[in-house]
Amino acid sequence: LVYFLFFREGELTVPFRRPRIVQPGPTVQPKSGIVQVSNFAVSSFGLNPDITKVRFFERSTGNLHEANFDGAESKKISESVLPAGLIKVAWSKQWNQFAALFENKDQNFLYNFSSGRSVFFKTDISAFDFAANGTQILYQNGNALVAAPVASPQQGRPLLEGAFPTLNLAWLPSGLISAYPAPSGLVGSFLILINQSGRVSKLLDNLVGL
């Protein structure tokens, strides 16, 4: 997998006027909106905290790289190697932390760029997100949705428990949490909101393909 960035040119709006006949001129090739930012397979695209550069992990080595949005000045910023069996990397909203989740739960960890500190948490996780302020995390552990402080992720509290499938989680800036399963064209799906007390509001239900 190689990441590309797509840029949309601004649209020009002009008043309607009668078209005029223009003699054919030289052909002008449109400027490409695709920018290649790496020449190797990568995973887990993110941004730097200043939102001025892109960051990504080299798939073959696990090294973290950084580059300008135009692909220039690409450089390796971490010699650390992610273990095999990486499932996903989840970035915080401030882009200053990430959680690396693995097939082997003993390898799951959180990393903070500001402190340079890693925190391991040996928990089976099928879904994950950071709170908007970056101080808490939310994850699905079996049939439980657990909220925990970033500093001590294994000291979490069950926010909601039930016979859930694997969910997609998003901790919204309002403090509410949205949750929905993977879309299916065979069975009806749902979208729910959960508050910090574990109270559930169902927004959509039994919609095929949601």
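The values are calculated or read from the model by the stated rules, or taken from the named source; none is laboratory data. Since we're looking at a predicted model, the values are computed, not measured. As a convention, Cβ positions derive from the backbone with ideal geometry for all residues, glycine included, and neighbour counts pool all protein chains shown. What goes into the accessible areas is simple: the full protein's heavy atoms, side chains included, and nothing from ligands, DNA or RNA. Shrake-Rupley method; radii C 1.70, N 1.55, O 1.52, S 1.80 Å.
The set of residues from segment 106-150 being open to solvent by 10 Å² or more (accessible area, probe 1.4 Å), under 25 Å from SER78 (Cβ atoms) and among the β-branched types (Val, Ile, Thr) comprises VAL119, THR123, ILE125, THR135, VAL150. Looking across segment 56-99, just one residue is under 14 Å from PHE128 (Cβ atoms), aliphatic (A, V, I, L, M), open to solvent by less than 30 Å² (accessible area, probe 1.4 Å) and in contact with a Ser or Thr (Cβ under 8 Å, 6 or more places away or on another chain), and that is VAL89.
Close contacts from segment 65-78, counting a first residue that is at positive phi and a second that is surrounded by fewer than 16 Cβ atoms within 10 Å (Cβ to Cβ), with Cβ to Cβ under 7 Å and a gap of 6+ residues or different chains, come to GLY71/GLN36.
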